[in-house]
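As structure tokens, the structure follows; a few thoughts come after it.
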Amino acid sequence: MADPAPADDPPLRGSTSLRGLRVRLANLARLTIKELRSIRADPVMLLLVVYAFTINIYTVATGASIEATNLAVAIVDEDRSPLSRRIADGLTPPLFRPATVIGAAEIDPAMDAGRFVFVIEIPPRFEADVRAGRRTAVQIDVDATAITQAGNGTAYIRTIVADQIAETKAGREDGAAAPIDVVVRARSNPNLKSSWFTSVMQVINSITMLTVILTGAALIREREQGTVEHLLVMPVVPSEIMLSKILANGFVTLAAAGLSLVVVVGWWLGVPLGGSLALFLAGAAVYVFTSGALGILLGTVANTMGQYGLLAIPVLLVTQLLSGSATPLESMPAWLRIVMMTVSPTPHFVLFAQGVLYRGAGLGVVWPSLLAMAAIGAVYLGVALRRFRRVVFGG
Amino acid sequence: MSETVVARLTGMSHRYGATVALDAVDLAVPAGRMVGVIGPDGVGKSTLLGLVAGVRRLQQGEVQVLGGDMADAEQRRTRCARIAYMPQGLGRNLYPTLSVFENIDFFGRLFGQGAAERRARIDVLARATGLDPFLARPAGKLSGGMKQKLGLCCALMHDPDLLVLDEPTTGVDPLSRRQFWDLIGSIRAGRPQMSVIVATAYMEEAERFDWLAAMDDGRVIARGTPAEVLAQAGRASLEAAFIALLPEAKRARHQPVTVRPRPDTDDATPAIVAEGLTRRFGSFVAVDHVSFRIGRGEIFGFLGSNGCGKTTTMKMLTGLLPASDGRAALFGMPVEGGGIELRRNVGYMSQAFSLYGELTVRQNLDLHARLYHLPADEIGSRIAELLARYDLADVADAHPDSLPLGIKQRLQLAVAVLHRPAILILDEPTSGVDPIARDAFWRTLIDLSRDEGVTIFLSTHFMNEAERCDRVSLMHAGKVLAVGAPAALARERGTASLEDAFVSWLAEAGGEPAPKAAPVASEAETAAPAPSSAPAPAAPRRFDPGRLWAYARREAMELLRDPIRLVFAFLGPLVLLLAFGYGISFDVENLRFAAFDQDRTPESRALLESFSGSRYFSEAPPVTTATEMEDRFRRGDVTLVVEIPPGFGRALQESRRPEIAVWIDGAMPFRGETTRSYVAGLAQSYIRDRTLERLGPNAAAATVEIETRFRYNQAFKSVVAMVPSIIVLMLILIPAIMSAVAVVREKETGSIANFQATPTSAVEFLVGKQLPYVAVAMASFAALALVSALVFGVTVHGSAATLTLGTLLYVFATTGFGQLVSSFTRTQVAAVFATAIIAVVPAVNFSGLLVPVASLSGGARVLGLGFPAAWYQPVSVGTFAKGLGLADLWPNLMVLAAFALLYLAAARLVLRKQES
């Protein structure tokens, strides 16, 4: 018992590396089970996981849509003709809120106060002029600070007004009929419903948020409670500790994400998911590994849970909002797009997810995204490992 | 009520959940005396002191302090002004980044003292405690003993009639400990009317108190002068008396510790060797050329104050921390680079409990057994053996968090010896453990050393434990002052006890400044004429702008000295504004467009030109087959494809109204919708051009114009609207999180005790702490406005004064919201994430950032308008983009002010002046 040399460990070269690998895998498995037990013992975190993958996804998908709906329109009707009434009647829900009729003097104050995004001004004798083929004009005032609705809303209103005018003219002047017929078909989302998009993007956001918070918090908790030192006096190496945290927490998020995609997105929200779920989960596994590595990295930068919160929130906000999951990647300046594609795995995962789930792309198409995520993850992990040694063993 | 009793407790009980901390305690604490509440950790001492000091809410029974009923808020408020309370933990109610002077000064301000009075009092107190050379040093950089002296200065700043000290000497070296008690003695000599109540776990220092109350399990088991207590128990020392006074069932478990002589081992290689071991952190030398040799099977004790380098030395021996200089070896094997093999020989127990609270006792043992790779068939029997030997079988399936400290320490020891290491390194294994459990622990250690030849290296604060070691070493300020057998060391210094020997070495090393022996308070009273000598000082004012300012000033100083929070406050919003301003754009451009022309006539090419000429589209190579189109959509290579059927040109010429198909990628609906509206626009203009071509210029007159006026943002650029909206988001997110952390931080570090124990009101506390964050948010707003103008070219078109006023009201509301959240959360993490989650959803989704409030209906609208962001968004966008002023926006400003007041009132209601 007091014998200092461990009896079971003759230093045989050759077999050492294989045995070493087995030992390390056994340690990893053991530590991963320990992490899973820790997660199970924390009801608050589990509640957060459940919330993030259910209610959170449902409310964002159904509540905050940036597609043009419920547009607030007012009409200044100085014609009061059947045509002007037909234009007002053409503004139907769900695209429009019922149009309000206001006087010309109210236009400025109402738009200043943001009560309406659109005001349609119909001049006197409008219908008569249209029928007589006289030159006349409808004016649409648009509050161009309502950036998500102004552009598309204008296009819809113009179409409705143009259709009504064309109908009025139709009986009289058949030559004016359109020479061609343009049929627009949207692929993979024929009605361009935004919930189809936001639900899946919200699943991605939840994966990012939870993996980063769970792994980082798991590391900080061990550092704060001193248990990490306890582990390090044992025959365990830092990379095993880090990997076990990524594996355990990643597994939990991945399982929750898969369930959420099938139950909440597919069944509750009724979004038809075109592609292969297995391929998506495989890609999500790579992504979870990368964001777990990011969580560990942040966990080595902050010293306390409080600091970790202050650090994680801006990082999470930037990675989410600049990932193409909120606004199109092509809309960002080229330099910013390059920066984000280099430092963050999220844009790659968003591209991957859109390809697989909406367009039904296969591995042959999406492999570059997978590779990019894995490469970024490897860099994160390498830096985290260096910092981990520095932080735990002193600078 | 008689003045000879300073505090009277009647039938007082207190429980935390199911745990009973105090069980029907009746106690009359005599006035004008030095009263000790003694007993090990967890018997209810702190709870009792907290109730007497008024920082803990009374649950059951009655407490009269200084003749006032502490259950009554008004009486408590006036009594609190005459009480000083120093909570447990070294410097726990101090502010580590503030200097010694600033700390004491803050307390002076809380009691409404003028600048001259504060200065005079600080001078007297600092001289008396020997802190005067260190007035500029941050409290966090003081040694444990000095922190406690500083805590005492802060407590004495207002000449209290009752001084409540909760374990003031735990973790302090013997010399500092003596100095501390001498200091209290001289203060009492100068102010004999002052009563002192002290809690302590060190029985030996309790012997010099005037009156004692010994506690066990929430009950007072003995009371009276030390002589009376000793006589009652019939023992010579208080430690022995305490054990003798315990209930029969507990006492039966106790067996005295006998140290058996160590069998002779003449092994040439010592178990542990340190030679010139040194560790530096930056310029600070934590361990300075420490050398010792420890033989096999020896029990080696390590003594010294907190922060003297004991733990650092132990960490270097385990290989947790690399040495800056020197070397350490275990059994002749160097620690540095010893790696895995070395670790199998060492069992380590760190200072704080460091096993997994979320795993059961058995799971903890199992985890360690497997990580040490015990053979699988041995694990079960080894765990069973340890559970039996360390008396853990009853709690094998319990979680350590729910167990008393003594059992947790046994578990830690069981884990440390699990793999049968030859060396045990134990960092303060018995700190906070009751005497019976401590003795049991020591018997196990002696068995391990004597029967199994395990070398034990441990640190301790208890002198009677040090005397049981084979040899001890005294460490001070990183250096070893002496090494030797306990009896030999006392002989060497010619002192009666080991403690006296250490004190004399420490005094020689001269690390701690010795305080003056002169009585303190008499000096203070001559120097400070104010209310000090009055027997009953005037009741403190209910609302005092001075106290509010004291809090604001202190919070600002702390904030300015915390780089992480400062970076978050100033840089955070700017980085996010840049990222969002550039990143969140709803301008849909650069759409990849490909032609699928199956006609290839001049007519089809003319149509395609009108598409490829658009500034929104960038042209990709044309598509030639339907499968290629499928494939390129799948790869995300194209966003829209215009398919022209064969025979298009002829059909057009024959006015047969040919159909063309435009395919767009719907993966991203907003982009798809915008693409569709671009296509509609292009088709309309193409049709018009064709009509003009066919019917000639006369037709132009007949066309009805549909004119569109983009107001406020003629160029229709995203950035004009997004930047003011992002400012709305930044000024809620960052200030709310900052102020949320502010209150919770005090709860976590313990300085909230100063709010609880002084006459500070909740409004003074909240508003005082809020002001610095409002100032920071306004500075951050100025920076945001500057970046908007310089980087994005977005400037204020309306009234800048209205915007500034609106912003001020808005940040008062958002910081108030943060404080409201932090009034009901308990940890900083919870406060940060709760604030972020609660604030972000309405601020992003329902306040006009993405969807105009005018388009919201039902619950979303209520949710949006129930939050200040929706009211500030029109102010920000209105003044930046729409050119509005106060005349248009005053209703919004009124609502924002109402929000600010509402949050303050709600936080005031939630924030408790007392702990429950």
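The values are calculated or read from the model by the stated rules, or taken from the named source; none is laboratory data. Computed from a predicted model, the values in this text were never measured in an experiment. Counting neighbours? That spans all protein chains shown, and the Cβs are built from the backbone with ideal geometry, glycine included.
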Checking A:Ile207 against (1) away from chain B (no Cβ under 14 Å); (2) farther than 24 Å from A:Leu31 by Cβ, which test does it fail? (2)
Are there any pairs, at least 6 apart or on different chains, whose C-beta atoms fall under 6 Å, with the first in segment B:228-257 and under 18 Å from B:Ala201 (Cβ atoms) and the second part of a loop (DSSP other than H, G, I, E, B), and if so, which? B:Leu238/B:Glu207; B:Ala241/B:Arg235; B:Ile243/B:His254; B:Ala244/B:Arg235
Is one or more of the residues making up segment B:341-351 among the aliphatic types (A, V, I, L, M) and either over 29 Å from B:Gly42 (Cα atoms) or more than 9 Å from chain A (Cβ to nearest Cβ) (or both)? yes
Hey, does segment A:41-60 have a residue that's in the same structural domain as A:Ala217 (by TED's automatic domain parsing) and among the charged types (D, E, K, R)? yes
Looking at (1) at the interface with another protein chain (Cβ under 9 Å from one of its Cβ atoms); (2) part of a helix (DSSP H, G or I); (3) crowded, with 21+ Cβ neighbours inside 10 Å; (4) not charged (D, E, K, R), can you tell me which one B:Val840 breaks? (3)
Any idea which residue in segment A:181-204 is farthest from the other protein chains (Cβ to nearest Cβ), counting only those that are more than 19 Å from B:Ile664 (Cα to Cα) and of a type in the set (Val, Ile, Thr)? A:Val203
Taking segment A:107-127, which residues are facing another protein chain (nearest Cβ under 9 Å), under 12 Å from B:Ala854 (Cα atoms) and in contact (Cβ under 8 Å) with a residue 40 or more places away in the chain? A:Arg115, A:Phe116, A:Val117
For A:Gln202, all conditions in the list (1) within 19 Å of A:Gly324 (Cα to Cα); (2) in contact with a Leu (Cβ under 8 Å, 6 or more places away or on another chain) hold save one; what is the number of the exception? (2)
Which residue out of B:Arg127, B:Arg118 is over 27 Å from B:Leu474 (Cβ atoms), modelled with pLDDT under 90, surrounded by fewer than 23 Cβ atoms within 10 Å (Cβ to Cβ) and more than 23 Å from the chain's Cα centre (by Cα)? B:Arg127
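With B:Val623, B:Val588, B:Val567 as the choices, which residue is out of contact with any Phe, Trp or Tyr (no Cβ under 8 Å at 6 or more places or on another chain) and either assigned to a helix (DSSP H, G or I) or crowded, with 21+ Cβ neighbours inside 10 Å (or both)? Outline the logic, then answer.
Values: B:Val623 fails: out of contact with any Phe, Trp or Tyr (no Cβ under 8 Å at 6 or more places or on another chain); B:Val588 fails: out of contact with any Phe, Trp or Tyr (no Cβ under 8 Å at 6 or more places or on another chain).
Result of the check over B:Val623, B:Val588, B:Val567: B:Val567.
Can you tell me which residue is farthest from A:Gly306 (Cα to Cα) among those in segment B:538-564 that are of a type in the set (Gly, Ala, Ser) and either within 11 Å of chain A (Cβ to nearest Cβ) or assigned to a helix (DSSP H, G or I) (or both)?
Of segment B:538-564, the ones of a type in the set (Gly, Ala, Ser) are B:538-539, B:546, B:550, B:552, B:556.
Next, from what is left, pick out any that are either within 11 Å of chain A (Cβ to nearest Cβ) or assigned to a helix (DSSP H, G or I) (or both): B:546, B:550, B:552, B:556.
Values: B:Gly546: 30, B:Ala550: 25, B:Ala552: 21, B:Ala556: 18 Å.
Among them, the one singled out is B:Gly546.
Tally the residues that are without any contact (Cβ under 8 Å) to a residue 12 or more places away in the chain and over 35 Å from the mean Cα position of the chain (by Cα), restricting the search to segment A:66-105.
Kept after step one, since they are without any contact (Cβ under 8 Å) to a residue 12 or more places away in the chain, are these residues of segment A:66-105: A:80, A:85, A:89, A:92, A:98, A:105.
Within this subset, residues satisfying the condition of being over 35 Å from the mean Cα position of the chain (by Cα) are A:80, A:85, A:89, A:105.
Summing the residues that are without any contact (Cβ under 8 Å) to a residue 12 or more places away in the chain and over 35 Å from the mean Cα position of the chain (by Cα) in segment A:66-105 gives 4.
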Please work out which one of (1) part of a helix (DSSP H, G or I); (2) surrounded by fewer than 22 Cβ atoms within 10 Å (Cβ to Cβ) is the condition B:Arg826 fails and give its number. (1)
Residues satisfying the stated conditions in segment B:859-910, i.e. of a type in the set (Phe, Trp, Tyr), in contact with a helix residue (DSSP H, G or I) (Cβ under 6 Å, 6 or more places away or on another chain) and assigned to a helix (DSSP H, G or I): B:Trp871, B:Tyr872, B:Phe880, B:Phe899, B:Tyr903
Which of the numbered conditions does A:Gly258 fail, given that it passes all the others? Conditions: (1) without any contact (Cβ under 8 Å) to a residue 40 or more places away in the chain; (2) buried (at least 20 other Cβ atoms within 10 Å of the Cβ). (2)
Return a yes/no flag: does segment B:269-282 have any residue that is farther than 17 Å from B:Thr455 by Cα, in a strand (DSSP E or B) and hydrophobic (A, V, I, L, M, F, W, C). yes
Would you be able to say whether some residue in segment B:821-839 is touching a Leu at 6+ places or on another chain (Cβ under 6 Å) and either modelled with pLDDT of 90 or more or acidic (Asp, Glu) (or both)? no
Which condition number does B:Cys80 fail, the rest of (1) under 30 Å from B:Pro247 (Cα atoms); (2) buried (at least 24 other Cβ atoms within 10 Å of the Cβ) being met? (1)
Has segment B:319-326 got at least one residue that is in a loop (DSSP other than H, G, I, E, B), hydroxyl-bearing (Ser, Thr, Tyr) and either under 28 Å from B:Lys408 (Cα atoms) or in contact (Cβ under 8 Å) with a residue 60 or more places away in the chain (or both)? no
Checked B:Arg657, B:Arg676, B:Arg635 against criteria (under 16 Å from A:Val183 (Cβ atoms), without any contact (Cβ under 8 Å) to a residue 24 or more places away in the chain and out of contact with any Asp or Glu (no Cβ under 8 Å at 6 or more places or on another chain)); the one match is B:Arg676
What are the residues in segment B:560-588 that are within 30 Å of A:Ala150 (Cα to Cα) and free of Cβ contacts under 8 Å to residues at least 24 places away in the same chain, if any? B:Val575, B:Ala579, B:Tyr582, B:Gly583
Report every pair of residues separated by at least 6 positions or lying on different chains whose Cβ atoms are under 8 Å apart, first residue within segment B:495-507 and without any contact (Cβ under 8 Å) to a residue 60 or more places away in the chain, second among the polar types (S, T, N, Q) and assigned to a helix (DSSP H, G or I). B:Thr495/B:Ser504
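Each row is one residue, and each column tells you yes or no for (1) closer than 28 Å to B:Gly295 by Cα; (2) more than 32 Å from the chain's Cα centre (by Cα).
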{"site": "B:Phe331", "(1), (2)": "yes, yes"}
{"site": "B:Tyr348", "(1), (2)": "yes, no"}
{"site": "B:Gly357", "(1), (2)": "no, no"}
{"site": "B:Thr360", "(1), (2)": "no, no"}
{"site": "B:Arg370", "(1), (2)": "no, yes"}
Scan segment A:66-124 for residues that are in a helix (DSSP H, G or I), closer than 29 Å to B:Val588 by Cβ and in contact with a helix residue (DSSP H, G or I) (Cβ under 9 Å, 6 or more places away or on another chain) and jot them down. A:Ile87, A:Gly90, A:Met111, A:Asp112
